[in-house]
Structures are given as structure tokens and as C-alpha cells.
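The block underneath contains the structure these notes are about, expressed in C-alpha cells.
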Amino acid sequence: MDTLTLEQVFAQIDKDGSGFLDESELKELMREADLEVSDEEIQEMMKMADVNGDGRIDLKEFKQLMTGL
């Protein structure tokens, strides 16, 4: 997936336009994908992706998560 596509996907997930993804947006994404995920699993996903530990996923962290870099 190229950088532009990742940025577009991020923007679609970032419903409030804050520039960050939070637990509620991640949970909504899973719901829209018809994936049943527990609150604990959402928290674990956030921990894995939130490299700087600020409780949110920024675009850089999202790109790292999606590309494995």
C-alpha cells in the first residue's frame, strides 16, 4: 500500500478529523468491518500501535503499523 493510500485510509478512519485515532474510532472501524472485538482487544491494539505512548495513534504510527516498518 502506498503512502497516499495509507493517508486516505487514515483520514477515513479519523472520523473527528483530529489527526489521531483513538479507541472509539478503532472500535468503530472494527464494527464497520463486521469484526467482533472486545474492549480489551481494542486496548491491546492501541498499545501495540501507540509507539510514543500518548494514548492515540497518529499518522506515522498508523503507517508503521500497516507497513511493519
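Any read-out appearing in this document is the output of simple, stated calculations on the displayed coordinates, not a laboratory observation. Computed from a predicted model, the values in this text were never measured in an experiment. All Cβ positions, even for glycine, are placed from backbone atoms using ideal geometry, and neighbour counts span all protein chains on display.
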Inset, instruction - Sort out which residues of the range 15-33 are within 17 Å of Asn52 (Cβ to Cβ) and touching an Asp or Glu at 6+ places or on another chain (Cβ under 7 Å), and write them in order of number. - result: Gly19, Phe20, Leu21
Legend entry - Pair list, Cβ under 7 Å, 6 or more apart: the range 48-69 residue free of Cβ contacts under 8 Å to residues at least 24 places away in the same chain, other residue among the acidic types (Asp, Glu) and not in a helix (DSSP H, G or I): Glu61/Asp50
